[in-house]
Amino acid sequence: MSTFTVVEEQGVAVLTIDQPGSPVNILNAAAKAEFEALLEQFRSDQAVRAVVIISGKPDNFIAGADIEEFVALPNQAAAEALSRDGQAIMDRVADFPKPILAAVHGSCLGGGLELALACHYRLATNHPKTQLGLPEVQLGILPGAGGCQRLPRLIGVRAALDIILAGKSERAAKAFKLGMVDELVPPPLLRSVALAAARRLIESGVPRRPRRGGLTALLLDANPLGRALVYRMARKSVLAKTGGHYPAPLAALAAVRTGLTRGMRAGLEDEHRRFGELAVGPVSRKLVQIFFATTALKKDDGVAPGSATPRPVRRLGVVGAGFMGAGIAGTAVAQAGVEVRMKDADLPRVGKGLKAATGVLDGRLKRRRITRQEYARSAALLSGTADFSGFPRTDLVIEAVFEELTVKRTVVAEIEASVGDQAIIATNTSTIPITEIATGAHHPERVLGMHFFSPVDRMPLLEVIPGAQTSPDAIATAVQFGRRMGKTVIVVADRPGFWVNRILSPYLNEAGHLLMEGTPIEAIDRTMTRFGFPVGPIALLDEVGLDVAAKGGGVMHQAFGERLTPADAIGKMLADNRLGRKNGRGFYRYEVGKKAGVDHPVYRLLSITPSDRVSPQTIEQRLVYAMLNEAAMAASEGVVRSPRDGDIGAIFGIGFPPFRGGPLRMIDDLGAAQVVSTLRALAAEFGPRFTPAGSLVAMAEQGGRFYDDGGSR
């Protein structure tokens, strides 16, 4: 079946791309071949004087290249050839003797934007769903069909690098301001305005685009010395953000620089060469695996297909207006667009919660993610109460009260007495088993866990935890609503700590042991950020809150015994009223809410003398292998349904380095036998907490793996 249809209107060929059987348009091999044939047809057809490319999809222009074809690349030569072919198509568009216009509505990403950039004129709708971007670095590659060359020439090197190096997408209004788009159009008028523009270009030619950015652009974008400064600052920024673990942004920077220094042809050659190197490299393979995993999770409701009827959630109740409750409420109105009713013990607390929830919207408005009209509509969805008025109308209620079993049981009972007979009740607990919380509930089939991560508006993961009697309908409802809130959702078993905190606990405990042995705080954290974590474990304890960490650590110790015995550090810190960032007193000092270095009196408090005798390699090994061992153990117990869910949970929940693929993927890469050998050596030196999981030993003996894909998916 054809991907393209053509209608001629008074000398303008309207080329509609509408890939059959696909929700979005992608530039696969078949589509590219058909497109090239049509270009040749238009070239020779004297009746065609201009071409308009438009999409037949409701909210998508072109989503990019076909990732399946990308994964199938066998070697660097094949990857380079794919890039060269893409560049050749875009060159034919750019050099076409008749005007070609891109009429964009919806997402225009990757190869889709590279096609639009090659066109002679671009129109875009002013709809929020219209976004233009080059996200390739998020897959560990660079824009390989001319994007590294054409975007800097169109909008200047600074603005282009801002998009390319971060894999950013911009809304149409910002794209127009930058010069990526020539006209903004209301969606219903896109086709007619594009036709008018095409006829204008037939008569008058492509208009000259004014240079943007004024004197600054002239100094930094338009001369070699200025650009050299831009490149230097961009490289410094990339290394600060990535730690050098991700080669794609630096390769893209080099390709841009080559093109602007040595010319378009040299830039394209450098671009396809670097694309080839990256495409078959280990980092890109890992990031593509994550892409496929998250894509699959968007279609996975956590229950057997056809076994559940999810309940539509139009009204959400949130009990507990503290930091977590406010974050859940604010994110729900911002992302899911539902009415949210917040409840707490008294109105002053409710007022603080509503203010904090509105703060989520304030942040989106400040970053220009929403308009003032959208802000007002979302803010109007928030309301609060000191009783349960309004709760009988809710479809889902999430409690976010203190992490204490008796308190949560009481709150669940109060919610159950106040809501309708179909409402689902979720508990936002980080460690307490759901079945224990649901004990005494009249309808335990409607009770489950929804474990959000802090801060809710920024952390992408949600763990949904069914209790022993939770119904499939309740599970599917929670999963689908979590996705509406913009979360990547995994369904995990009802075990203490669930998945994320289960594998995090030994990691944090081991950091505590290292600290109490005299390892400096900054040495521990620096080692793990160099490994690839966004923050080190000691800084993470401060962020989580030492009181919360102590509570969670106690639950895990009680559940799993001596192996998860916490170090003494947190107890001593709490005795000195050190809670971490929340009260400005933790392992680190805080000035105006910002971390300002290690608080050195902590060493006296803990009765330790810091020493550098423990090497970074030993720090890394003890912390990482503690987590790998626990991940293998929890996976063997069925805490996660698949290695995919386990690795996505670790990456999105605690920031496990994506370029390493997740703890279970890392075990496969290292080999179970090597992991077992290292754990045994650690156990011999540091104690039985490093004893290898039985399942890991069996895997090593049998030559087994968590994944059977050979590392390709």
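When you scan segment 318-425 for strands (runs of 3 or more DSSP E) that lie fully inside it, which ones turn up with 1 or more residues that are under 21 Å from G440 (Cβ atoms)? Break it down into steps so the answer makes sense when it comes.
Working: elements: 339-343, 382-385, 396-399.
Here the list reads 339-343, 396-399.
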May I ask you to list the residues in segment 479-505 that are in a helix (DSSP H, G or I), out of contact with any Pro (no Cβ under 9 Å at 6 or more places or on another chain) and open to solvent by less than 10 Å² (accessible area, probe 1.4 Å)? G482, V500
So which residues in segment 501-524 are in contact with a Ser or Thr (Cβ under 8 Å, 6 or more places away or on another chain) and not polar (S, T, N, Q), if there are any at all? G518, P520
Being hydrophobic (A, V, I, L, M, F, W, C), touching a residue at least 60 places away in the same chain (Cβ under 8 Å) and under 30 Å from V280 (Cα atoms) is the filter here; which residues of segment 212-248 pass it? V230, A234, V238, A248
For residues in segment 360-376 being among the charged types (D, E, K, R) and under 13 Å from G330 (Cα atoms), which is least open to solvent (accessible area, probe 1.4 Å)? R364
D91, sole failed condition from (1) open to solvent by less than 30 Å² (accessible area, probe 1.4 Å); (2) out of contact with any Gly (no Cβ under 8 Å at 6 or more places or on another chain); (3) of a type in the set (D, E, K, R): (2)
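Given the condition part of a loop (DSSP other than H, G, I, E, B) and not hydroxyl-bearing (S, T, Y), answer yes or no: does some residue in segment 269-285 qualify?
Going through segment 269-285, the residues part of a loop (DSSP other than H, G, I, E, B) turn out to be 280-281.
If we keep only those that are not hydroxyl-bearing (S, T, Y) as well, we get 280-281.
Checking segment 269-285: at least one residue is part of a loop (DSSP other than H, G, I, E, B) and not hydroxyl-bearing (S, T, Y).
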When every residue in segment 31-45 that is free of Cβ contacts under 8 Å to residues at least 12 places away in the same chain and among the small types (G, A, S) is compared, the one most open to solvent (accessible area, probe 1.4 Å) is S44
Members of segment 511-539 found to be assigned to a helix (DSSP H, G or I), open to solvent by 50 Å² or more (accessible area, probe 1.4 Å) and more than 20 Å from R589 (Cα to Cα), listed by number: R530
From (1) part of a loop (DSSP other than H, G, I, E, B); (2) at pLDDT 95 or above, pick out the condition that doesn't hold for P152. (1)
With the condition kept exactly as written, say whether any residue in segment 426-439 is open to solvent by less than 10 Å² (accessible area, probe 1.4 Å), among the hydroxyl-bearing types (S, T, Y), more than 30 Å from A334 (Cβ to Cβ) and assigned to a helix (DSSP H, G or I). no
If a residue has to be touching a helix residue (DSSP H, G or I) at 6+ places or on another chain (Cβ under 7 Å), of a type in the set (D, E, K, R), crowded, with 18+ Cβ neighbours inside 10 Å and over 30 Å from G646 (Cα atoms) to count, how many in segment 576-627 make the cut? 1
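The values are calculated or read from the model by the stated rules, or taken from the named source; none is laboratory data. All values reported here derive from a predicted model rather than from experimental measurement. Cβ sites come from the backbone with ideal geometry, for glycine too, and all protein chains shown count toward neighbours. We work out accessible area using only protein heavy atoms, side chains counted, and drop any ligands, DNA or RNA first. Shrake-Rupley method; radii C 1.70, N 1.55, O 1.52, S 1.80 Å.
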